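Student: Could you have a look at this structure, given as structure tokens, before my questions?
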Amino acid sequence: MRAGLDVLDIIFARGEMADRTRAFDWSATSVGPITDWPLQLRTAVNLLLDSGFPMFIWWGKEKIQFYNDAYLKILGTDEKSKHPKALGQKGEECWQEIWPVISPLIEDVLKTGDAVFREDQFLPIYRKGVLDDVYWTFSYNPIRGEDGTPEGILVVCTETTKRNQQLKETEQQLPLLEKQKQLYDNITSGTPDLMYMFDLQYKFTYANRALLEMWGKSSEEAIGKGLRENGYEEWHAAMHEREIDQVVASKERVRGEVSFPHAVLGKRVYDYILAPVLDEVGEIVAVSGTTRDITEIRKAEAAIIESEARFRNMAEGSGILIALASETGEINYFNKAWSALTGIDTDELLGFGWCALVHPEDKDACLKLYMDSLEKRVPYTGEYRMLSKNGEYRWLLTSGSPRFEPDGSFTGYIGSSIDITERKQNEQRKNEFISMVSHELKTPLTSTISYVQVSQRKLSDNGDLTTAGMLDRAFRQLGKMKALINGFLNVSRLEAGKIYIDKKSVDLSALLKDVESNIVPEASTHTVVFAPVTETWVNIDRDKIEQVISNFISNAIKYSPPNTSIRIACESKNGFAYVSVKDDGIGINQEDQGKLFDRFYRVEGQDRKSISGFGIGLYICKEIIERHGGEIGVISVPGEGSLFWFTLPIER
Ligand code: ADP
């Protein structure tokens with residue numbers, strides 16, 4: 001009991017290692033019983049056991065060991081741990097694996113009395129049964145005896161393995177970080193936009209390739225420098241510094257536009273954004289910036305404004321009626337010529353306001369044409385009458401074209417119109433004249449034809465066959481003349497709207513049979529072949545359609561050499577009857593094909609000089625077919641022949 005009391009009086013500390021130290025049988029070691037310990041050892045052991053920092057002591061020649069709770073943690077408490085064996089153990093036995101390394105240090109301290117300090121020393125030790133890679137930061141401090149010579153060593157140490165591992169990991173991550181940096185560098189150097197970063201002292205901490213090129217500087221020259229040092233003029237640098245202050249104060253982006261000279265490209269306009277860079281707690285640590293060269297955009301905008309102004313000047317000064325429509329068809333611009341024509345302020349005509357002035361008879365057709373074209377976004381041409389300022393209707397010829405942006409998006413229409421009232425009136429007078437002349441010619445011609453016929457019959461009866469033959473020729477020529485005059489009459493009737501279509505249900509195969517029996521005996525110069533036709537019922541004006549087919553056939557005869565053949569066919573296609581007349585004649589050039597159906601259009605050429613005609617037949621054919629809801633056309637190869645065709649809706 002006495003001895004125990006003594007021990008407690010000597011080792012005061014609390015904790016596991018204090019208890020173990022008190023309980024340990026020190027008399028079995030070279031240190032001897034606690035009660036015999038010299039003051040220096042007692043003091044050192046108490047200091048060690050009271051410390052929260054990992055420490056241990058080697059004492060005496062055998063380096064008998066002491067250690068504290070904090071050091072116990074480093075050793076670990078598993079079954080293979082050096083603890084608790086290490087207490088009172090000889091240093092060399094305990095630390096076999098590192099003794100060759102540490103023993104010289106220990107001896108050195110003991111000999112010289114100089115402490116040793118090592119940082120992050122790699123000393124692998126056995127822990128949990130395996131050799132563990134351990135890093136230590138430690139100092140060996142001499143514990144001096146009464147005479148000042150070192151008798152033991154106080155080791156103050158800490159394990160730095162974790163910190164070293166982190167460093168190692170960071171080192172291992174370096175290539176990854178490097179890779180990422182390269183990736184960002186690639187991104188930022190691939191763009192013509194300028195990208196940069198300022199620290200809070202307005203110094204550049206980053207500048208991408210485009211910016212360095214603009215400055216004409218290398219990264220080393222430019223980074224870490226301020227705006228002025230990188231060549232910014234005072235006003236410009238001060239402006240950006242104010243903006244950086246603003247970003248820092250508000251933590252919000254600042255956007256601006258500035259114009260200044262580029263090292264290579266000269267004066268340019270730039271649009272830029274400065275943005276705050278925040279750390280994880282939301283504090284601003286830098287200001288990043290991107291700048292885009294918008295010189296070309298600004299130039300394009302200026303060019304658009306210029307061209308817009310030019311267009312308005314031209315449109316306003318023009319006598320032609322000009323209008324612009326939006327993509328919905330509403331007119332959003334009329335030039336002055338419109339108010340001059342209508343006597344109404346152009347504002348009132350906007351949108352669909354203009355429709356109120358269109359002649360009631362033309363309104364539906366006019367709007368239909370406009371809206372249909374708008375839907376398909378195709379050009380249109382049409383004629384309609386519009387109320388003018390003096391109360392009379394004026395004929396307008398109008399045409400419009402869809403407008404598209406360069407990217408292909410539809411933006412509306414531009415339309416122009418001209419007043420064709422005079423032209424219309426002239427045409428009408430001409431038509432009336434043609435009609436009158438034709439009428440006047442028709443009466444004497446009809447009586448001449450009947451006189452010729454009667455005389456011809458009489459001469460035949462009297463046996464004067466030669467004179468009768470001559471009169472027969474005169475009769476044929478008169479027939480041609482009659483056909484021409486009838487053609488003119490048809491045109492004038494058509495133009496005056498006096499051709500009436502009188503529709504009835506008709507079988508086309510029967511109609512073609514009739515045409516065949518009329519034509520074949522007449523056409524002695526050519527082989528006319530009618531392909532077999534099945535019953536095909538259509539609702540038509542029989543005479544008019546017969547006229548179209550006859551016209552096709554007589555043209556085929558007219559424009560193809562004798563002894564060639566002409567083939568007539570009628571088929572059903574998609575609910576339409578398709579009638580065609582094919583010849584092996586002279587054919588028609590591509591550029592003429594589209595115009596054949598225009599009034600008075602005749603193809604010119606050496607090969608047809610001797611063939612008479614006025615370019616009326618096909619024009620009338622087209623009008624007739626269109627009034628039946630069909631289509632008309634031609635397929636032709638010059639020198640090989642032509643195929644004229646038309647369609648008619650089949651009756652259901
Ligand atoms: P025309 O009275 O001049 O024959 P059309 O209106 O019937 O008038 O024909 C217009 C023009 O079309 C003609 O001048 C002719 O050059 C051309 N044409 C019509 N049919 C044929 C055809 N079958 N072969 C070649 N050219 C033709």
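Bear in mind these aren't lab numbers, they're just calculated from the coordinates by the rules spelled out. Just so it is clear, the model here is predicted, and its values are computed rather than measured. For neighbour counting, all protein chains shown are included, and Cβ atoms are generated from backbone atoms with ideal geometry for every residue, glycine included.
Student: Inside the range 394-409, can you point out the residues that are among the aromatic types (Phe, Trp, Tyr) and exposed (fewer than 13 other Cβ atoms within 10 Å of the Cβ)?
Tutor: Correct list: 404 only.
Student: Starting from the range 478-493, take each residue that is crowded, with 16+ Cβ neighbours inside 10 Å and list its partners that are β-branched (Val, Ile, Thr) and outside any helix (DSSP H, G or I), counting only C-beta distances under 6 angstrom and pairs at least six apart or across chains.
Tutor: 487/616; 491/616; 493/499
Student: Quick check, is residue 385 farther than 18 Å from residue 315 by Cα and of a type outside the set (Phe, Trp, Tyr)?
Tutor: When the stated conditions are applied, residue 385 passes them.
Student: Could you identify the single residue in 642, 580 that is within 11 Å of the ligand (Cβ to nearest atom) and hydroxyl-bearing (Ser, Thr, Tyr)?
Tutor: Of the residues listed, the single one that is within 11 Å of the ligand (Cβ to nearest atom) and hydroxyl-bearing (Ser, Thr, Tyr) is 642.
Student: Return yes when residue 574 is under 45 Å from the mean Cα position of the chain (by Cα), away from the ligand (no atom under 13 Å from the Cβ), farther than 23 Å from residue 502 by Cβ and not acidic (Asp, Glu) and no when it is not.
Tutor: In short, yes.
Student: Suppose we filter the range 290-339 for residues that are in contact (Cβ under 8 Å) with a residue 12 or more places away in the chain and in a helix (DSSP H, G or I); how many remain?
Tutor: Result for the range 290-339: 7.
Student: Give me the helices (runs of 4 or more DSSP H) completely within the range 22-116, filtered to those with at least 1 residues that are in contact (Cβ under 8 Å) with a residue 60 or more places away in the chain, ordered by residue number.
Tutor: So the answer is 39-50, 69-75.
Student: If you don't mind, another one. Which ones in the range 494-539 are hydroxyl-bearing (Ser, Thr, Tyr), loosely packed, with under 15 Cβ neighbours inside 10 Å and part of a loop (DSSP other than H, G, I, E, B)?
Tutor: 500, 524, 525, 534
Student: Could you list all residues from the range 379-409 that are more than 20 Å from residue 339 (Cβ to Cβ) and in contact with a strand residue (DSSP E or B) (Cβ under 7 Å, 6 or more places away or on another chain)?
Tutor: 379, 380, 381, 382, 383, 399, 401, 402, 403, 404, 405
Student: Continuing with the same structure: For the range 30-56, give me the residue count where each residue is surrounded by 18 or more Cβ atoms within 10 Å (Cβ to Cβ) and out of contact with any helix residue (DSSP H, G or I) (no Cβ under 6 Å at 6 or more places or on another chain).
Tutor: 6
Student: Moving to a separate point now. Out of contact with any strand residue (DSSP E or B) (no Cβ under 7 Å at 6 or more places or on another chain) and not acidic (Asp, Glu), is that true of residue 30?
Tutor: no
Student: Right, another one. Under the condition of being within 13 Å of the ligand (Cβ to nearest atom) and not in a helix (DSSP H, G or I), which residue from the range 540-564 is nearest to residue 520 (Cα to Cα)?
Tutor: Top of the filtered list is 564.
Student: Next question, about the same structure. Being exposed (fewer than 13 other Cβ atoms within 10 Å of the Cβ) and touching a Ser or Thr at 6+ places or on another chain (Cβ under 9 Å): is that true of residue 211 here?
Tutor: Judged against the criteria, residue 211 is not a match.
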